[in-house]
Amino acid sequence: MTYETKRFPLAPAVYATEREIRWEARRLFLRAVETAAPEVLKSLAELRPSEDALAAWARRWNLTFEGSPAGWALEAARRTIETWRRYPGLREREPLAWAPLAVGGWKLLPPEAARLWDPRELTERRLTRGQAAERARRHGLAPAATRRELDRIERLLEDRGLRPAPEKSLGLHFEWAVRWQCLGRSAFEIARDGYPSGVTRRVREVLNLIGLDPRPARRGRRRK
């Protein structure tokens with residue numbers, strides 16, 4: 001079995017706020033739920049919606065934070081249930097999918113602030129600092145002037161509360177987290193499926209990033 005190991009910035013842009021990074025991580029976790037643990041959404045579709053029922057559903061799948069159902073997971077569930085109510089055909093589709101997460105405003109740098117490099121670029125054209133420097137070199141810009149301009153842009157980003165988005169192997173780490181957190185798989189079982197080592201550390205990084213308590217330790221051997 002082959003798994004995607006290419007690393008990507010964990011945000012829609014190379015630089016992002018903490019909130020944006022967390023939003024993107026939660027989106028990727030929910031997307032992994034759709035494929036690695038479809039029973040989570042199937043059980044949501046069978047639910048008779050109420051706040052108590054949603055809380056029990058969240059606890060069943062270990063979607064908790066600081067001992068209580070995670071607010072962001074409950075909100076994702078409510079939005080999904082409401083979308084299914086408005087468009088009943090979506091509830092019948094296989095596989096089921098979450099409604100999009102609510103997203104706040106996205107502030108781009110003013111055009112005059114980042115002519116050479118805009119780390120807030122949202123399209124696939126977004127560049128790292130090194131790629132921007134290489135593009136400037138090809139256009140004949142002096143290395144010293146390029147470096148000063150890139151330094152200026154980075155200071156502007158930091159002043160606005162932005163930082164480089166961390167990188168994750170998107171095809172792996174979030175799937176590991178779903179299998180471990182929601183399905184109760186052990187790190188050994190996940191590694192036995194052909195994944196590389198370091199499962200436990202990566203899973204805990206993802207859970208900390210998205211805001212979930214690690215599930216309780218499993219007692220005894222898993223039944224086959």
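One table, with the values for the structure above:
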{"item": "Residues satisfying the stated conditions in the range 128-187, i.e. within 17 Å of residue 210 (Cβ to Cβ), among the polar types (S, T, N, Q) and in a helix (DSSP H, G or I)", "result": "181"}
{"item": "Filter result for the condition that a residue is closer than 16 Å to residue 97 by Cβ and either touching a residue at least 40 places away in the same chain (Cβ under 8 Å) or part of a helix (DSSP H, G or I) (or both), over 58, 76", "result": "76"}
{"item": "Residue within the range 141-164 that is modelled with pLDDT under 85, exposed (fewer than 13 other Cβ atoms within 10 Å of the Cβ) and small (Gly, Ala, Ser) present", "result": "yes"}
{"item": "Restricting the range 207-224 to residues that are assigned to a loop (DSSP other than H, G, I, E, B) and modelled with pLDDT of 65 or more, the residue that is surrounded by the fewest Cβ atoms within 10 Å (Cβ to Cβ)", "result": "217"}
{"item": "Every residue from the range 82-113 that is modelled with pLDDT of 60 or more, assigned to a helix (DSSP H, G or I) and exposed (fewer than 11 other Cβ atoms within 10 Å of the Cβ)", "result": "86, 88, 89, 92"}
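The values are calculated or read from the model by the stated rules, or taken from the named source; none is laboratory data. Remember, it's a predicted structure, so these values are computed and weren't measured experimentally. Because the Cβ atoms are built from the backbone with ideal geometry, glycine has one as well, and the counts that use them run over all protein chains shown.
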